[in-house]
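Shown below is the structure under consideration.
The values are calculated or read from the model by the stated rules, or taken from the named source; none is laboratory data. What you are looking at is a predicted structure, and each value in this text was computed from that prediction instead of being measured. Positions of Cβ are generated from backbone atoms using ideal geometry, with glycine treated the same way; all protein chains shown enter the neighbour counts.
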Amino acid sequence: MSDVAEYPAPASGAMATEAEAASWLRRRNFWDWSQADQVALDAWLEAALEHRVAYWRLKAALERTERLGALRGAGAGQGARGRLWIVLARVAAGFAAVAALGVASAFYLLQPEQTIYATAVGGHKTIHLSDGSEVELNTATVVRVAAGARELWLDKGEAYFRIKHDAARPFTVMVAGHRVTDLGTKFLIRNVSDRLEVALIEGRVQLDTPDGRMREPLLLAPGDVAVARRNILYVEKKSDKALASATAWRHGIVVFNNTTLADAASEFNRYNARKIVIADPATAQLTIDGKFRSNDIEDFTHLAQTVFALQVRTQRNQIVISR
């Protein structure tokens, strides 16, 4: 598969954003999709909040009509691809028709049954739900909340949940093909880089899959962290200290405990437009401990220079660390 990606042509204006989002969805579902494509899509999504909202709203509209699933089942032929493009074009045209009314009006008119909340890279937002529950969104996170129902979709990123328990109306989170059901709970969900983590802080949650892939629901106890990656699901037990470190982002902090420089750089890159690049495998495997402000790249690079005697070079929008 080629590393050279063909991307949607740049467009300007609110009405063009939906067309770009439709083009990305078409490529993502029916064209050959490479790592270069994914990097380009991520860059487009991070470039503007309007991009993320248009993309996830269009994706949600297709999912609700169930047309996307039907077309996938029909195969990957040209006919199926053509029919999907018609659906995408029609939905995107509906978005464009109301774009002139303004972003807030468009959101209300197009999908009154759902509200999308999104954060930029380095962003943080707390959502106060009508039932008294609260959801904190971490960097580059997108969620959809159903109006009048205790249901939320975590499409991308990380969120901390403080849910007001109601046994008659359980609160559910749909994420990466899984369903998390509140049983009186504080919990953390992270959906990043094809890895899903559900960490239970307090109370209980039930984890299952709506399509029945999991034979039995998984009940988590406080300290349990369920990890799903590809076709593997397992549960780790974490200490209170480890869970506190995992939720330190709520206070603008990242915590490293015997963490490799590669993993630390990856974590910093979630919060910052300037990206840290570890230039060689030996340097990548060095380990560090400590607490940092999530936006304080300079403190991290200073540590790399003083503790490990590493070289730090700035190249355009990258900071390269090497021996």
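Residue check: is R150 at pLDDT 95 or above and of a type in the set (D, E, K, R)?
Answer is no for this residue.
Further question on the same structure: Going residue by residue through segment 253-263, is there one that turns out to be more than 30 Å from M214 (Cα to Cα) and aromatic (F, W, Y)?
Among the residues of segment 253-263, at least one is more than 30 Å from M214 (Cα to Cα) and aromatic (F, W, Y), which makes the answer yes.
In this structure, is A246 surrounded by 16 or more Cβ atoms within 10 Å (Cβ to Cβ) and under 18 Å from V192 (Cβ atoms)?
yes
Identify the residue in segment 139-150 that is more than 9 Å from the chain's Cα centre (by Cα) and buried (at least 17 other Cβ atoms within 10 Å of the Cβ) and, among all such residues, is farthest from A120 (Cα to Cα).
R150
Does I297 qualify as being touching a Phe, Trp or Tyr at 6+ places or on another chain (Cβ under 9 Å) and closer than 21 Å to E46 by Cα?
It is true that I297 is touching a Phe, Trp or Tyr at 6+ places or on another chain (Cβ under 9 Å) and closer than 21 Å to E46 by Cα.
Going by the conditions given, is L219 in a strand (DSSP E or B), among the aliphatic types (A, V, I, L, M), surrounded by fewer than 17 Cβ atoms within 10 Å (Cβ to Cβ) and touching a residue at least 12 places away in the same chain (Cβ under 8 Å)?
Criteria met by L219.
Applying the selection to segment 229-267, what residues are free of Cβ contacts under 8 Å to residues at least 40 places away in the same chain and assigned to a helix (DSSP H, G or I)?
D240, K241, A242, A244, S245, H251, A262, D263, A264, S266, E267
If you check every pair at least six apart or on different chains, which have Cβ atoms under 7 Å apart with a residue in segment 165-178 that is not assigned by TED's automatic domain parsing to the domain that holds Q206 and of a type in the set (D, E, K, R) first and a residue that is at pLDDT 95 or above and in a strand (DSSP E or B) second?
Hits for this filter: zero, empty list.
Where in segment 274-323 are there strands (runs of 3 or more DSSP E), lying fully within it, with 1 or more residues that are β-branched (V, I, T), under 21 Å from A140 (Cα atoms) and in contact (Cβ under 8 Å) with a residue 24 or more places away in the chain?
275-278, 318-322
Can you name the condition, by its number, that A118 falls short on among (1) of a type in the set (A, V, I, L, M, F, W, C); (2) more than 12 Å from the chain's Cα centre (by Cα); (3) more than 27 Å from D240 (Cα to Cα); (4) surrounded by 17 or more Cβ atoms within 10 Å (Cβ to Cβ)?
(2)
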